[in-house]
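Here is the structure we will look at.
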Amino acid sequence: QVQLVESGGGLVQAGGSLRLSCAASGRTFSTNAMAWFRLAPGKERDFVARIAWNGGATYYADSVKGRFTISRDNAKNTLDLQMNSLKPEDTAVYYCAASLSAYAGPTREAYYYWGQGTQVTVSS
């Protein structure tokens, strides 16, 4: 059974940092693009960042560019998201996702496997 399990969420003050991790099991994703999305109250699940199978071709939503960094460790089958300079508008449930392809775009439809999400709350 393929699983993506996120961890690292929590409550942080504005300006603080958090590091999210996603552990994959059931299959390797070393040849697959992966991404982070987030779902804020009253909004749709939005793209945050993506990374290609080899760690290249990183791409970020404008709202997080320069503050968030996506990375992966194919040997460990993990995906991370380092979040700095957090803002209250970053409050959301963050989801890890994996594509069936080596490269994938910034849309929900490009990803096949999804985690259950981890809550990030940024207080002002």
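The values are calculated or read from the model by the stated rules, or taken from the named source; none is laboratory data. Just so we're clear, the structure is a prediction, and the values are computed from it rather than from any experiment. So basically every Cβ, Gly included, is an ideal-geometry build from the backbone, and we count neighbours across all protein chains shown. We work out accessible area using only protein heavy atoms, side chains counted, and drop any ligands, DNA or RNA first. Shrake-Rupley method; radii C 1.70, N 1.55, O 1.52, S 1.80 Å.
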Out of (1) within 17 Å of GLN3 (Cβ to Cβ); (2) open to solvent by 20 Å² or more (accessible area, probe 1.4 Å), what's the single condition that is false for ALA98? (2)
Scanning for something open to solvent by 20 Å² or more (accessible area, probe 1.4 Å), within 14 Å of TYR94 (Cβ to Cβ), in contact with a Pro (Cβ under 9 Å, 6 or more places away or on another chain) and modelled with pLDDT of 95 or more, does segment 48-55 turn up at least one residue? yes
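Here is a yes/no grid of residues against (1) without any contact (Cβ under 8 Å) to a residue 60 or more places away in the chain; (2) of a type in the set (A, V, I, L, M, F, W, C); (3) in contact with a Gly (Cβ under 6 Å, 6 or more places away or on another chain):
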residue: SER30; (1), (2), (3): yes, no, no
residue: MET34; (1), (2), (3): no, yes, no
residue: VAL48; (1), (2), (3): yes, yes, no
residue: PHE68; (1), (2), (3): yes, yes, no
residue: ASP73; (1), (2), (3): yes, no, no
residue: ASP90; (1), (2), (3): yes, no, no
From the option list THR28, THR78, single residue qualifying as β-branched (Val, Ile, Thr), under 27 Å from GLN1 (Cα atoms) and at pLDDT below 95 is THR28
May I ask you to say which residue of ASP62, ASP73, ASP80, ASP90 is under 23 Å from SER124 (Cα atoms), of a type in the set (D, E, K, R) and within 14 Å of the chain's Cα centre (by Cα)? ASP90
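For the subset of segment 81-94 comprising residues that are outside any loop (DSSP other than H, G, I, E, B) and open to solvent by 30 Å² or more (accessible area, probe 1.4 Å), which member is nearest to ALA33 (Cα to Cα)?
In the first step, residues of segment 81-94 are kept if they are outside any loop (DSSP other than H, G, I, E, B); the result is 81-83, 88-90, 92-94.
From what is left, the residues that are open to solvent by 30 Å² or more (accessible area, probe 1.4 Å) are 82, 88-89, 93.
Details: GLN82: 18, PRO88: 28, GLU89: 26, VAL93: 21 Å.
Restricting to residues being outside any loop (DSSP other than H, G, I, E, B) and open to solvent by 30 Å² or more (accessible area, probe 1.4 Å), the top hit is GLN82.
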Could you tell me which residue of segment 59-80 is farthest from GLN13 (Cα to Cα), considering only residues that are surrounded by 15 or more Cβ atoms within 10 Å (Cβ to Cβ) and aliphatic (A, V, I, L, M)? LEU79
Do we have any residue at all in segment 97-112 that's touching a strand residue (DSSP E or B) at 6+ places or on another chain (Cβ under 8 Å), of a type in the set (Phe, Trp, Tyr) and part of a strand (DSSP E or B)? no
